[in-house]
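Shown next, in structure tokens, is the structure this report addresses.
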Amino acid sequence: MPDHWVRMSREELPPDLAQVVAAQEGREVIEAIRRRTDGVGGDVGEGPLPGWLAYWQDQLLDRVRDGRTTPDPHLDPQHPEVMIWLVYMPELLRCGRCATNAAKSITGTDEDYRCDGCGEVFPDRLHITAGTIPGRSYGAIGSHGPIVIQGGLCPFCSMFQQVAHTLASLPKIVTPAGDNG
């Protein structure tokens, strides 16, 4: 490393640069989830979220607005990082370390196999489904990193999610007004 470069911790970064770092970490989290779900079903989305991901995003926003979901104490608006919202543990927006610890608490009970879509217990396997909401900067008052939303879906709800994802990715066809053909 050249002598004129200075190493900085995340806490020392200016908020706009910390936002860029957090966005990159968000992409890395989504890629890690993609690798983990490759070949076992599930869906990982970015951008406008379709299907269950859109529903969960609305739930998260409602929960944050009315105070039922709060950021864990490790998150700092002056130093944004990826936040993870686990649909099955909705009380906190978690930092990466706390999300990992929460995942370790899954022990194979019926509740651990409850579909986050339909609510039915499906003991064979749930499909990991995740999407991301981009981070946002609020100038001098701070910013937040990307939010990864993650839940588990039974095969039936997962199929719905995959269809919704496919439909959302199709090009929009615009026809002239009054053209029904």
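Things to note:
- If the condition is being of a type in the set (Val, Ile, Thr), closer than 25 Å to PRO73 by Cβ and in contact with a helix residue (DSSP H, G or I) (Cβ under 9 Å, 6 or more places away or on another chain), then region 90-139 contributes ILE106, THR132, ILE133.
- Any hit, region 91-102, residues being among the acidic types (Asp, Glu) and at pLDDT below 90: no
- Enumeration of residues in region 76-105 that are in contact with a strand residue (DSSP E or B) (Cβ under 7 Å, 6 or more places away or on another chain) and in contact (Cβ under 8 Å) with a residue 60 or more places away in the chain: PRO77, PRO80, VAL82, MET83, ILE84, TRP85, LEU86, VAL87, TYR88, GLY96
- Unique match (being at pLDDT below 85, part of a helix (DSSP H, G or I) and over 24 Å from LEU92 (Cβ atoms)) among ALA164, ALA177: ALA164
- Test: ASP76 is modelled with pLDDT of 85 or more, acidic (Asp, Glu) and surrounded by fewer than 20 Cβ atoms within 10 Å (Cβ to Cβ): no
- Checking each residue in region 100-139 for being aliphatic (A, V, I, L, M), under 15 Å from the mean Cα position of the chain (by Cα) and crowded, with 18+ Cβ neighbours inside 10 Å picks out ILE128, ALA130, ILE133.
- Contacts under 7 angstrom Cβ, first residue in region 106-133 being modelled with pLDDT under 90 and part of a loop (DSSP other than H, G, I, E, B), partner surrounded by 14 or more Cβ atoms within 10 Å (Cβ to Cβ) and charged (D, E, K, R), 6 or more apart: ILE106/ASP112
The values are calculated or read from the model by the stated rules, or taken from the named source; none is laboratory data. None of these values were measured; they are calculated from a predicted model. Cβ coordinates were reconstructed from backbone atoms using ideal geometry, including for glycine residues, and neighbour counts include every protein chain displayed.
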